[in-house]
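The values are calculated or read from the model by the stated rules, or taken from the named source; none is laboratory data. Since the model is a prediction, treat every value here as computed from it, not as a measurement. For neighbour counting, all protein chains shown are included, and Cβ atoms are generated from backbone atoms with ideal geometry for every residue, glycine included.
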Amino acid sequence: MIVQRGEKTIINGFVKQVRDLGKICFLIIRDINGEYQVTIKDEKLLSQAKELKDESVVRVEGKRVENPSVINGWELIPEKIEIYTIAEQPLPLNLSIKSGLDKEIDYRFLSLRIPRIASIFKIESTVNNAIQEFFNKNGFFTIHTSKIVAAATEGGANVFPILYFDKQAFLAQSPQFYKQMMMSAGFEKVIEIGPVFRAEPHHDTRHLCEYTSIDIEVSYIKSYEDIMKYLEKALQYTIKKVIKINQKELEILGIKLEIPKLPFPRITMKEAKEILKSKYNKEEEEDLDPEGERLMGSYVKETYNSDFFFLTEFPWSVAQFYHMRKKEDNNVTYRADLIYKGLEISTLAQREHRYEILLNQLKEKGLHPEEFKFYLDFFRYGVPPHGGAGLGLERIVKQMLNLENVQESTLLPRTPTHLVP
Ligand code: AMO
């Protein structure tokens, strides 16, 4: 952190490097915004500087002197050095080479000092704030719902059970039921950004056991097309913000972002299956697997020059009980996924708001109405037609920055093998 106090400049930061040339010593100091050179010639300060080890934390006070040959075009000539802490050597993580994802996660407090890795999380902060800001500007209320729940929302298998005093409870997989409750409560438009939990035993590049879910819900929609419009505008707004705020970080990561054109293409599941016919022989499957999503991503890029598309009209067989079915065809639902560079980043849908139909759909999916009584009650005393979406923050950033693994855009990944730190 740099503080300017009159003529004096104070740099607080980590010592990236001590270059000791005998009668002169250079310190490269790094803070969250960049690196600075401190040039020491004073004898007393020289002996102090020689005590320093890489990654120690210091406060250096002195005068800025223009020097076009050093980083930033200036160096600090110190009058005072205060050593806050000396870093033990050797560090368990080498900050100047790539050590591999597992080691970088094991030593998160150190890997985050690497500008390449810090840049990912600075951009993630912008993405989070931009999406929140977009929806608030459009009249959405921010809510926070409980993460301790009595029933699974997204299908029964992948929940983490917990003991809640003497009762069985679960960590929430999604705020799905509560955001719908807010529609029944008359709030019309809500957004929640918060953690959700999925007991996904996968060892792959797209699943986490805890991720940040961006959830929206909107009343009085005419169709799920209204939700798609919100999502594409929100993503365009977000990418514009990242381009504006994170130029430096994008440069460090070697990423050139382009503002996506609207509307994003819409392709029904049936059309996608037709397009993939010659490349992908999994027609019997109702959903697209990761390979199918990737192939469709490439097709859309080649055909429409778009990184995004909506895959619409999911079959009822892979839908949740709360998804509304298509008027003209009971086997098809008003559920869509948003695919970004070949990976699903969002699921959205119009919900079934008619009590009797919802009850029948729940039974059809083999669920027990008694376990969902609190939820079903939302539909008995007046509820507007509504729909919404859930987006995975880490997946958006992974795709935006062409990262290989979603754990790279997760501060503290929870996977079957990662519980610490
Ligand atoms: P869904 O389960 O498809 O839908 O999740 C929505 C989005 O959340 C992200 N996501 C994940 N990210 C990392 N690790 C995971 N294990 C993981 N699972 C999901 C993805 C996905 O597109 N209630 C519905 C949303 C809605 O209809 O409003 C839901 O949660 O980006």
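Some values worked out for this structure:
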read-out	value
Selection count, segment 55-76, where residues are part of a loop (DSSP other than H, G, I, E, B) and in contact (Cβ under 8 Å) with a residue 40 or more places away in the chain	2
Near pairs, Cβ below 6 angstrom, 6+ apart or cross-chain, from segment 381-395 (closer than 22 Å to S184 by Cα and aliphatic (A, V, I, L, M)) to any residue that is part of a loop (DSSP other than H, G, I, E, B) and more than 6 Å from the ligand (Cβ to nearest atom)	V383/H353
Residue among S119, S125, S111 that is over 28 Å from D226 (Cβ atoms), touching a residue at least 60 places away in the same chain (Cβ under 8 Å) and of a type outside the set (D, E, K, R)	S119
Residues of segment 275-289 that turn out to be in a helix (DSSP H, G or I) and under 19 Å from S317 (Cβ atoms), as a count	1
Number of the exception - R380 against (1) over 30 Å from G100 (Cβ atoms); (2) part of a helix (DSSP H, G or I); (3) among the basic types (K, R)	(2)
Residues (within 12 Å of the ligand (Cβ to nearest atom) and of a type outside the set (K, R)) located in segment 169-182	A172, Q173, S174, P175, Q176, F177, Y178, Q180
First in segment 324-342 and under 18 Å from G388 (Cβ atoms) and at pLDDT below 95, second anywhere and more than 11 Å from the ligand (Cβ to nearest atom) and not polar (S, T, N, Q), Cβ under 6 Å, 6 or more apart	none
Residues that are within 16 Å of the ligand (Cβ to nearest atom), surrounded by 15 or more Cβ atoms within 10 Å (Cβ to Cβ) and closer than 15 Å to E192 by Cα, drawn from segment 121-146	V127, N128, I131, F135, F140, I143, T145
Test: L338 is farther than 17 Å from E225 by Cβ and crowded, with 21+ Cβ neighbours inside 10 Å	no
Single residue of K233, K244 found to be in contact with a Leu (Cβ under 8 Å, 6 or more places away or on another chain) and either surrounded by fewer than 16 Cβ atoms within 10 Å (Cβ to Cβ) or farther than 29 Å from S317 by Cβ (or both)	K233
Failed item, numbered, when A152 is tested on (1) more than 12 Å from the ligand (Cβ to nearest atom); (2) closer than 14 Å to V196 by Cα; (3) of a type in the set (G, A, S)	(1)
Top-ranked residue in segment 81-102 [being surrounded by 14 or more Cβ atoms within 10 Å (Cβ to Cβ) and touching a helix residue (DSSP H, G or I) at 6+ places or on another chain (Cβ under 8 Å); ranked as farthest from L46 (Cα to Cα)]	L101
Conditions (1) surrounded by 16 or more Cβ atoms within 10 Å (Cβ to Cβ); (2) part of a loop (DSSP other than H, G, I, E, B); number of the one not met by I10	(2)
Residue among H207, H203 that alone is over 14 Å from M400 (Cβ atoms), modelled with pLDDT under 95 and of a type outside the set (G, A, S)	H203
Residue in segment 195-230 that is nearest to the ligand (Cβ to nearest atom), counting only those that are more than 23 Å from A185 (Cβ to Cβ) and among the hydrophobic types (A, V, I, L, M, F, W, C)	L208
Of residues in segment 364-412 being basic (K, R) and over 15 Å from the mean Cα position of the chain (by Cα), the one nearest to the ligand (Cβ to nearest atom)	K365
From L27, L76, residue being in contact with a strand residue (DSSP E or B) (Cβ under 6 Å, 6 or more places away or on another chain) and farther than 30 Å from P421 by Cβ	L76
Number of the condition not met by E232 [criteria: (1) touching a Pro at 6+ places or on another chain (Cβ under 7 Å); (2) touching a residue at least 60 places away in the same chain (Cβ under 8 Å); (3) farther than 22 Å from G388 by Cβ]	(3)
